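The values are calculated or read from the model by the stated rules, or taken from the named source; none is laboratory data. Since we're looking at a predicted model, the values are computed, not measured. Glycine also receives a Cβ, built like all others from the backbone with ideal geometry; neighbour counts cover every protein chain displayed.
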Amino acid sequence: MSEASTDQSNPQFIATLEKGIRVLEMFRSGHASLGLTELAEHCAMTKSAAQRFTYTWCELGYLQKDERSRRYSLTHKALELGFLYLNSDPLISKVLPALTRIRERCSLTVNLSLLSGHDIVYVMRIPGAQQTVIEMLPGRRMPAWCTSAGRMLLAALPDERIRDSLAANPLEAFTPHTQVDPEMLFQHIVQARQQGYALASEQVLIGQIGVAAPIRNLHLQTVAAVNITAQLNQWPEQRMVEELVPLLMETTQSLLVG
C-alpha cells in the first residue's frame, strides 16, 4: 500500500525518523509479529539499524519482543494513538451522528473513509448485523480504486492525478468480477464524479455491494466519503440506487464540515 510521496530533499525532513516510522508501518502487512531479518529486508536497512530501531520502539513501549521467538509485535500503545485521533478529530465528531442515523434507517454497515496516498483508510465503522468484529475494526487500509468510497474520493482529483494513482500500483483482482482495466476504472471514477455517488459490486468480496457519497467542506471540496455495504442477493444494484442512494446523498449533502 502506497503513501503520498514525501519531500525528502527539504532540510526540515528527518530521514532517521522516517526510517523508524517505517519499521512500525511494516505491521500494516497484517502479520501479528515480525522478525528482525524481515524488518531489515522490507525496510531496506541493515540488520544492525533495524535492531536499533526495534530496541528504541520497545523502550518507548510501542513494540514488544518475544524472548523465545525473538519476534516483535505492536503493543496497546499504538492503539492509544488511534483513540486520541478518533477522540479529537472534528470531522469524526460531526459525522458520527449522521452515520448512526443511516445505520438506524437501513440496518446496514456504514463506513467513513479518508484518502491516504493511493489507498483509503476506514476511520469510523458502524457494523451491520452480518459483520464480524475483525472486519469492522477502524484503521484498515484498502486500495482506493476497487472500493466505492475510494472511487468517490479519487473522483475529486484532477483527471491526471486519477490516472497516476491507477498506474501507481498493480491492479490485482480480489474476485472474478474485480475490474482491473485502468481505462474502465477511470471511466467508473469519472462517472462517480458526474452522478455524485459511486457503486462497486463484488470488487473486493463475492456477494458484497457498496455505494458511497462524498462529504465536502465549506469550500465544497471533498474531504471524506461515507459508504454503505450490503449483500448483493438482498440489495441488487437497482435497489441500492433507488433506496440507499437517496438516503446516503440526503445525509452527506446536509453535512458541510469546517
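Matching residues to (1) of a type in the set (A, V, I, L, M, F, W, C); (2) in contact with a Leu (Cβ under 8 Å, 6 or more places away or on another chain):
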| site | (1), (2) |
| --- | --- |
| L24 | yes, yes |
| R28 | no, no |
| G35 | no, no |
| T54 | no, yes |
| G82 | no, no |
| S88 | no, no |
| L115 | yes, yes |
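Scanning the stretch 38-50 for residues that are under 21 Å from T75 (Cβ atoms) and out of contact with any helix residue (DSSP H, G or I) (no Cβ under 6 Å at 6 or more places or on another chain) yields one hit, E38. Of the residues making up the stretch 29-68, those that are of a type in the set (A, V, I, L, M), farther than 14 Å from T16 by Cβ and surrounded by 13 or more Cβ atoms within 10 Å (Cβ to Cβ) number 5. The residue list R193, R151 contains one member that is within 21 Å of T252 (Cα to Cα), crowded, with 21+ Cβ neighbours inside 10 Å and of a type in the set (D, E, K, R), which is R151.
Any residue that is buried (at least 22 other Cβ atoms within 10 Å of the Cβ), among the aliphatic types (A, V, I, L, M), in contact (Cβ under 8 Å) with a residue 24 or more places away in the chain and part of a strand (DSSP E or B) - is there at least one of those in the stretch 162-174? No, the stretch 162-174 has no match at all.
Of the listed requirements (1) without any contact (Cβ under 8 Å) to a residue 60 or more places away in the chain; (2) over 15 Å from A149 (Cα atoms), S254 misses just one: (1). Restricting the stretch 7-22 to residues that are exposed (fewer than 10 other Cβ atoms within 10 Å of the Cβ) and part of a loop (DSSP other than H, G, I, E, B) leaves a set whose member that is modelled with the lowest pLDDT is D7.
Would you mind finding the one in R193, R216, R161 that is in the same structural domain as C146 (by TED's automatic domain parsing), touching a strand residue (DSSP E or B) at 6+ places or on another chain (Cβ under 9 Å), basic (K, R) and more than 20 Å from P127 (Cβ to Cβ)? Before the answer, list the steps.
Values: R193 fails: touching a strand residue (DSSP E or B) at 6+ places or on another chain (Cβ under 9 Å); R161 fails: touching a strand residue (DSSP E or B) at 6+ places or on another chain (Cβ under 9 Å).
The unique qualifying residue is R216.
Residues in the stretch 41-80 that are part of a loop (DSSP other than H, G, I, E, B) and under 19 Å from A15 (Cβ atoms): C43, A44, M45, T46.
Residues to consider are S73, S9; find the one that is outside the structural domain of L154 (by TED's automatic domain parsing) and under 26 Å from the mean Cα position of the chain (by Cα). If you could, list the steps in order and put the result at the bottom.
Details: S9 fails: under 26 Å from the mean Cα position of the chain (by Cα).
On inspection, the qualifying residue turns out to be S73.
Can you report the number of residues in the stretch 87-122 which are within 18 Å of the chain's Cα centre (by Cα) and either of a type in the set (D, E, K, R) or outside any helix (DSSP H, G or I) (or both)? Summing the residues that are within 18 Å of the chain's Cα centre (by Cα) and either of a type in the set (D, E, K, R) or outside any helix (DSSP H, G or I) (or both) in the stretch 87-122 gives 15.
Restricted to the stretch 197-258, the set of strands (runs of 3 or more DSSP E) holding at least 2 residues that are surrounded by 21 or more Cβ atoms within 10 Å (Cβ to Cβ) and in contact with a Pro (Cβ under 8 Å, 6 or more places away or on another chain) comprises 222-231.
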